[in-house]
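Note sheet for the following structure.
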Amino acid sequence: MINLDLKKQTLREVNDLLQNIDTKANLRNYLVSNPSGNHAVCAGLKDEMEVLIKGHVGYYCAGMNQKALITIEGNVGTGVAENMMSGTVHVKGNASQSAGATAHGGTLIIEGNASSRCGISMKGIDIIVKGSVGHMSAFMAQSGNLVVCGDAGDALGDSLYEAKLFIKGSVKSLGADCEEKKMTKQDKDTLKILLKKSKITDLKPEDFQMYGSAKKLYNFNIDNVSEY
């Protein structure tokens, strides 16, 4: 494992190295030490590799990730895994707002809690939160899955499209056009895979309630004007 120390190297140097790894030498295991709350750590990685970040990070950690497995042993600031395309981002601590925002693919696992707007405008990512999420989570979520093993705050799934939300705990309130749904066998199979992927062994799909779009806001209808 190659150690990249942010006390000795600049963030630009570390990110440049990780964004342009020597694939011929096949050096694919890295440790980033002393992140000290830096922003945009491990942003824009595009190759298969494993990166372990030892400590807390700031905004937009692992943004635009492709293929890499990035583990953060600490808390993360706003927008972790923002616009991620593929790969896995695993947060061992808590996440601030907008975790997984606009992400098109891959998997984001958060061991702790996530703040407001978790999964905002998600476009295909799978997000698994082992704690709770804050208000406006999955706002304008277009596709993908959000799994929450704790509770959800106000306005869950506001203006939701085709994403599916699996919540184990209580939901403070549902946003516009979000409603409770009955889980099909396919939904249960999907949830079972996500729980296994995030190593959650003490819960099963039947412990969760699913929420999705009522599809009343897809097209303007004067009868639904109060919901806009």
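The values are calculated or read from the model by the stated rules, or taken from the named source; none is laboratory data. Predicted model only: the values in this text are computed from it and were never measured. Here Cβ is always computed from backbone atoms with ideal geometry, including for glycine, and neighbour counts include all displayed protein chains.
Among all residue pairs at least 6 apart or on different chains, which show Cβ distances below 9 Å where the first residue, located in region 186-207, is surrounded by 13 or more Cβ atoms within 10 Å (Cβ to Cβ) and at pLDDT 95 or above and the second is assigned to a helix (DSSP H, G or I) and among the β-branched types (Val, Ile, Thr)?
Every condition considered, the pairs that remain are PRO205/THR190.
Can you tell which of ALA99, ALA81 is of a type outside the set (Ser, Thr, Tyr), buried (at least 24 other Cβ atoms within 10 Å of the Cβ), closer than 19 Å to GLY153 by Cα and in contact with a Leu (Cβ under 7 Å, 6 or more places away or on another chain)?
Answer to the selection: ALA99.
Could you list, in sequence order, the residues of region 18-52 that are within 20 Å of ALA95 (Cα to Cα), among the small types (Gly, Ala, Ser) and not in a strand (DSSP E or B)?
SER36, GLY37, ALA40, ALA43, GLY44
Hey, any hits in region 215-224 for a residue that's under 20 Å from the mean Cα position of the chain (by Cα), free of Cβ contacts under 8 Å to residues at least 60 places away in the same chain and surrounded by fewer than 19 Cβ atoms within 10 Å (Cβ to Cβ)?
No, region 215-224 contains no residue that is under 20 Å from the mean Cα position of the chain (by Cα), free of Cβ contacts under 8 Å to residues at least 60 places away in the same chain and surrounded by fewer than 19 Cβ atoms within 10 Å (Cβ to Cβ).
Just for region 1-32: of the residues that are among the hydroxyl-bearing types (Ser, Thr, Tyr) and closer than 27 Å to GLY105 by Cα, which one is farthest from the chain's Cα centre (by Cα)?
THR23
All but one of (1) of a type outside the set (Gly, Ala, Ser); (2) in contact with a strand residue (DSSP E or B) (Cβ under 9 Å, 6 or more places away or on another chain); (3) surrounded by fewer than 24 Cβ atoms within 10 Å (Cβ to Cβ); (4) over 25 Å from ILE21 (Cβ atoms) hold for ILE120; state the number of the condition that does not hold.
It fails just one condition, (2).
Taking only pairs six or more apart or across chains, which ones have beta-carbon atoms under 8 Å, a first residue in region 46-65 that is polar (S, T, N, Q) and crowded, with 22+ Cβ neighbours inside 10 Å, and a second residue that is modelled with pLDDT under 95 and part of a loop (DSSP other than H, G, I, E, B)?
If the second residue must be modelled with pLDDT under 95 and part of a loop (DSSP other than H, G, I, E, B), no pairs are left.
May I ask you to verify whether LEU217 is at pLDDT 95 or above and of a type in the set (A, V, I, L, M)?
So LEU217 does not fit the description; no.
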